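Note sheet for the following structure.
The values are calculated or read from the model by the stated rules, or taken from the named source; none is laboratory data. Because the structure is a prediction, the values reported are computed rather than measured. Cβ sites come from the backbone with ideal geometry, for glycine too, and all protein chains shown count toward neighbours. To get the accessible areas, we keep the full protein, side chains included, count just its heavy atoms, and leave off ligands, DNA and RNA. Shrake-Rupley method; radii C 1.70, N 1.55, O 1.52, S 1.80 Å.
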Amino acid sequence: MDYTATQSGFRQQPNMRLRNTSVDGPGDSQLFEDTSGAASGAQAGYSNQPAVPQAAGFPAQSILSDPMSNLAMAYGSSLASQGREMVDKNLDRFIPISKLKYYFAVDTVYVGKKLGLLVFPYMHENWEVSYQQDTPVAPRFDVNAPDLYIPAMGFITYVLVAGLALGTQNKFSPELLGVQASSALVWLIMEVLAVLLSLYLVTVNTDLTTIDLLAFSGYKYVGMIIGVVAGLMFGRPAYYLSLLWCCVAIFVFMIRTLRLKLLSEAAAEGRLVRGTRNQLRMYLTMSIAAAQPIFMYWLTYHLIR
């Protein structure tokens, strides 16, 4: 090392040889390799790369890739499908939802003809339901087929007309209208249950279903609506006259319809009914038909003052 004095009086720093300068020859060996530059370059390159999430951040992916998890999911879905099928099967046993579409397969022509038949059934001759390959045709193709459209709309219209009648008497209230609707529904259910019990006690073999009985029992709402509307428009005498006409009409309609369902084939053809069982069926038919005017008067007389 050369130490030379400067003019300022201070001694110049020694000229030390750097390790990485070009002074060192290619043959000189280094005791320690300087990795600071490489580390900073690698760090810069790493910072430019997109952040890759760790495997611990995606537990769902690892679960889905697990065979046991896939098996458990498949087993759970099969159990859910089996439970849904069981519920649908048991529900269809008590409430045949798949058959309800048949009772609502109506059109405007059928509704008009059916309403005319309910009000004036005296000129109608053929009361038998038409069949196609042992299956009854849809109501829109046969006016004799039972339906649920007219009973459902009749019940709703009856509740609305009852609310109107209560309003004319200054007695309208939502609670009273609810009582009117619920009482009519309860009486309808009790009537259907009573008919089912009677059919069981008499041991009648018939193709009548619960929905058929519900439809036939719901046809009386048409006459009830006519009677109440006539009473609101023209007074109590008009109510009694129109209700009497509709009561007789529904009685004849029920007799001619149910006799083909409840009586034997001989009675359906018009021959003499013999035997205790056939007589019981005839009495049951007349009882069901006679109950309709009683319910019609019971549910409407208090609406006309």
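Data overview
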quantity: Matching residues, region 203-221, being in contact with a helix residue (DSSP H, G or I) (Cβ under 6 Å, 6 or more places away or on another chain), open to solvent by 30 Å² or more (accessible area, probe 1.4 Å) and in a helix (DSSP H, G or I); calculated: LEU214
quantity: Residues satisfying the stated conditions in region 131-158, i.e. open to solvent by less than 90 Å² (accessible area, probe 1.4 Å), touching a Phe, Trp or Tyr at 6+ places or on another chain (Cβ under 8 Å) and assigned to a helix (DSSP H, G or I); calculated: PRO139, TYR149, ILE150, PRO151, GLY154, PHE155, THR157, TYR158
quantity: Residue count, region 232-242 (criterion: over 16 Å from PRO293 (Cβ atoms) and part of a helix (DSSP H, G or I)); calculated: 6
quantity: Pairs with Cβ under 6 Å, 6+ apart, first in region 152-171 and under 26 Å from ALA105 (Cα atoms), second in a helix (DSSP H, G or I) and of a type in the set (Gly, Ala, Ser); calculated: VAL159/ALA181
quantity: For LYS99: the one exception among (1) within 27 Å of TYR239 (Cα to Cα); (2) within 21 Å of the chain's Cα centre (by Cα); (3) among the basic types (Lys, Arg); calculated: (1)
quantity: Any pair with Cβ under 9 angstrom, 6 or more apart, that starts in region 102-131 at a residue that is polar (S, T, N, Q) and ends at one that is open to solvent by 30 Å² or more (accessible area, probe 1.4 Å); calculated: SER130/PRO136; SER130/PHE141
quantity: Output for region 227-263, where each listed residue is within 23 Å of VAL129 (Cα to Cα) and among the small types (Gly, Ala, Ser); calculated: ALA249
